[in-house]
Structure formats: structure tokens, C-alpha cells
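Here is the structure we will look at.
Please treat every number below as a calculation from the coordinates, not as lab data. This is a predicted model, so every value here is computed, not measured. We place every Cβ from the backbone using ideal geometry, glycine too, and count neighbours over all the protein chains shown.
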Amino acid sequence: MRVVDFLPREHCVASLRGQGKEDILRELVETLTRSGAVKDGPGALKALMDRESLGSTGIGDGVAIPHAKLAGAETLMAAFGRSVAGVDYHAVDDKPVTWVFLLIAPEGATGQHLRALARISRMFKSEEFRRTLEGASNAEELYAMLQKEDAALP
């Protein structure tokens, strides 16, 4: 499974405007809703916030991987965005989050969901990759960098 299998280019946002965790999640859910990938935007946001209430998905080093299972979701889907200013996400290292990789899975797709989370985590563990992403000036460049890193992973 490759990240590009569930993250199309139109789900990348080069400059998230939100000032807080819920704002950022709402913005990425709206990206999924506009494309038709998510039918129930409020339900998706609620599922993500419910998951966040269990513990922050801010994994450190400026990265958050919010994720949830959603009734009615037909397939694994994702949105990716950058907050240039960084946002207080209550990450495990208490540092602002720049990179937000949102993942939504169908309710019965536990294995697929976990494999996707593992792959995303592996990608963003690389400090060199995160630094490379900082040089992107638009969503197309962000996506191209994600594609390249995705292809390089085993």
C-alpha cells in the first residue's frame, strides 16, 4: 500500500489557515467534502475530535496524524496540509504542528487503517524528508515530494 493510493493531489493544502487543532481538522475535512470523498463533513469532524479526546495524534517533530473510522466511508482516504505558522496541537513534545496528515478509514478496515498509519509515520520520521517539504511553495510541489518519498519506501 502506497500513500498515493489514498491521497490524491487535490487533497493537499499548502497553507492551512486554521489557528487551532479543530480549525485545522475542519479545513482538511472540508477539502475531503469538496472533492466528494466525504459525504458527512460534520460526522467526520466529530469522529476526528472524538479520537483526539482520547489523546493527541500530534506525534512530535511538527507532525500530527489525526485519524478516525467513519461509518459510511467506502474507502481509505486522506488529506494533507501544512500550517506555515504552526499550530498548538497538544503534541507529545509540546511543539507546534506544521504537518497534518488526516486519515479516514471505513469502520471495518482496521488492518488497512493500521498499515496506512504505519506508512505515514515512517515517512514523517525522516528529518530530511520534513526539511525537504519545507521548501515546497505550493500543493503540487508538496504532493510531488510526498510521491517521491512514498516511492522510496519499501
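The figures follow:
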item	result
Linear extension gain, Q147 paired with E74, 0.36 nm per residue minus alpha-carbon span	23.9 nm
Check: the chain dipole with +1 on Lys, Arg Cβ and -1 on Asp, Glu Cβ, in debye	240
Segment 35-64 versus segment 85-154: alpha-carbon centroid distance in Å	14
The chain, helix-only ellipticity at 222 nm - DSSP H runs n ≥ 4, -39,500 (n - 2.57), divided by all residues, nearest 500	-14000 deg cm²/dmol
Whether the chain is rounded, prolate or oblate, judged on the alpha carbon gyration tensor where a/c under 1.5 counts as rounded	rounded
Interchain or long-range residues, amide H under 5 Å from V13's placed H	F80, G81, R82
Of the GluC sites (Glu not before Pro) in segment 96-154, those whose Cβ has at most 15 other Cβ within 10 Å and which sit in DSSP loop	E107
Where Cα atoms sit under 15 Å apart: lysine pairs in the chain separated by 8 or more or lying on different chains	4
Restricting segment 1-90 to GluC sites (Glu not before Pro) in coil, as DSSP defines it, with at most 12 other Cβ within 10 Å	E74
